[in-house]
1. Which condition number does D286 fail, the rest of (1) within 30 Å of Q72 (Cβ to Cβ); (2) open to solvent by less than 40 Å² (accessible area, probe 1.4 Å) being met?
2. Pick from segment 239-262 the residues that are within 16 Å of the ligand (Cβ to nearest atom) and over 17 Å from the mean Cα position of the chain (by Cα): which of them is surrounded by the most Cβ atoms within 10 Å (Cβ to Cβ)?
3. Working only within segment 200-222, note down all residues that are open to solvent by less than 20 Å² (accessible area, probe 1.4 Å) and among the acidic types (D, E).
4. Would you mention how many residues in segment 66-91 are within 14 Å of I326 (Cα to Cα) and more than 19 Å from the chain's Cα centre (by Cα)?
5. Taking L345 as the residue in question, decide whether it is more than 20 Å from the chain's Cα centre (by Cα) and surrounded by 21 or more Cβ atoms within 10 Å (Cβ to Cβ).
6. Please determine, by comparing only the residues of segment 128-146 that are open to solvent by 10 Å² or more (accessible area, probe 1.4 Å) and among the hydrophobic types (A, V, I, L, M, F, W, C), which one is nearest to the ligand (Cβ to nearest atom).
7. From T190, T196, T168, grab the single residue that is open to solvent by 40 Å² or more (accessible area, probe 1.4 Å) and either within 17 Å of the chain's Cα centre (by Cα) or away from the ligand (no atom under 15 Å from the Cβ) (or both).
8. Considering (1) among the β-branched types (V, I, T); (2) part of a helix (DSSP H, G or I); (3) in contact (Cβ under 8 Å) with a residue 60 or more places away in the chain, say which one I346 fails and leave the rest.
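The values are calculated or read from the model by the stated rules, or taken from the named source; none is laboratory data. Please read these numbers as outputs of a predicted model, since none were measured by experiment. Ideal geometry is used to build each Cβ from the backbone, glycine not excepted, and the neighbour counts take in all protein chains shown. Just so you know, the surface numbers come from the protein's heavy atoms only, side chains and all, with ligands and any DNA or RNA stripped out. Shrake-Rupley method; radii C 1.70, N 1.55, O 1.52, S 1.80 Å.
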Amino acid sequence: MKRKLLGALLSTAMVASLVVGCSGGNDTAPADTPADTEAPADAETPADNEADDASAPAAAGGGKIGISMPTQSLERWNRDGAYLDEQFKAAGFETILTFSDDKTEQQVNDIQNMLADGVDMLVIAAIDGNALNTALEGAAEQNIPVISYDRLILNDAASYYVSFDNYTVGQLQGEYIVKALDLENAGDKTYNIEITAGDPADNNATYFYQGAIDAIQPYLDNGALNIVSGQKDFDAVATPGWKTDTALARAQNVLSSYYADGTQLDAWLCSNDSTALGVTQAVTSDYAGSNAVIITGQDGDEANLKNIVDGTQTMTVYKNVSNESIVTLALAKAILAGETIDESLIPSFGIECAFDTESYETSAGNKCPSFLLVPNVITKDNLQDLVDTGLYTMGDDGYLSATN
Ligand code: BGC
């Protein structure tokens, strides 16, 4: 499901010499450690907020970092923006933080303004991984390194990628359904499932989708699972902009078209929490059956954690975005200091992750060296793991609130 090359790509020669990054040279990159597909039992260790001594020239001299987040309307990006801002400031950097209201043109403008403002590095979570060529031309001309944050930018000017293992996120969702329905022992029984995926403009969305599909495919093949609507292809189940209302509308449509006759729905595989929120709402109000429907998610948004406590959403794949910002800061410092960027940096992060030089590639076909953190499954039974990160508190009512 590779994306098509849009527009002219930058020549690799334009990219800063201190940065090898996605622009190539990876044939000589050190052996990679493929992403570990195991999910550790516990949520990640609490963010270790130490601000390392700034060894990087830009850090020592108070470099300026442009942090471009997609939107404030989806819960997690507010957290990412805040953590990144705090981390970089605590390490002695100046920062410019923007949210682009999920509008691509605005994100291009925001990045261009940051470049005009003399940033030393850009950290970007792209709204559309294909739509930043104009802005990144400017970065490449000025030799400004770019870290693709969470979502891969498909332009070669992006130097490195920091994210979670996105394929594993989907795999954990699919495997959760396989176990919860005990599909290995389904015998002659067939369980019914529907699927809601993410935004086609977000490079992550196909990784989540594919990880989940690969986990459930054997059971679709042997008849233990059936997609009653028949809507399985990514394009048929995608949710532009990851919008809750769009997921809600499609779920209502599927329920009225295929389940109004009393057909039992057993699981709804949702790629993330904003889409799960819409699907949960539709199932709660429009599903005729009385069984509990398994609904998956991703992120640990407050509203979804509440639904998990209430039993209307079953699980979420949690990604500790405070840790993601810590890894991003450490990588940024190493890039600015001209250090070799490979797995030897990982011990200094103090956070479990893999260095992966194979899984992610730009539109030009170049592999983008990636640091991938480990996602964890959260259900009603291990909500305390979130509290233990120090990033959530639990109220007397049992509901969780994020601390930032
Ligand atoms: C992120 C998810 C998030 C989604 C919608 C993806 O790129 O990895 O964590 O749920 O965007 O914001």
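1. The number of the failed condition is (2).
2. Restricting attention to segment 239-262, the residues satisfying the condition of being within 16 Å of the ligand (Cβ to nearest atom) are 239-248.
Within this subset, residues satisfying the condition of being over 17 Å from the mean Cα position of the chain (by Cα) are 245-248.
Numbers: D245: 13, T246: 18, A247: 28, L248: 21.
Going through the qualifying residues, I end up with A247.
3. Answer for segment 200-222, where residues must be open to solvent by less than 20 Å² (accessible area, probe 1.4 Å) and among the acidic types (D, E): just D202.
4. Counting residues in segment 66-91 that are within 14 Å of I326 (Cα to Cα) and more than 19 Å from the chain's Cα centre (by Cα) gives 6.
5. On the way: more than 20 Å from the chain's Cα centre (by Cα): yes; surrounded by 21 or more Cβ atoms within 10 Å (Cβ to Cβ): no.
When the stated conditions are applied, L345 does not pass them.
6. Looking at the filtered set, the residue picked out is A131.
7. Details: T196 fails: open to solvent by 40 Å² or more (accessible area, probe 1.4 Å); T168 fails: open to solvent by 40 Å² or more (accessible area, probe 1.4 Å).
Going through T190, T196, T168 in turn, the sole match is T190.
8. (3)
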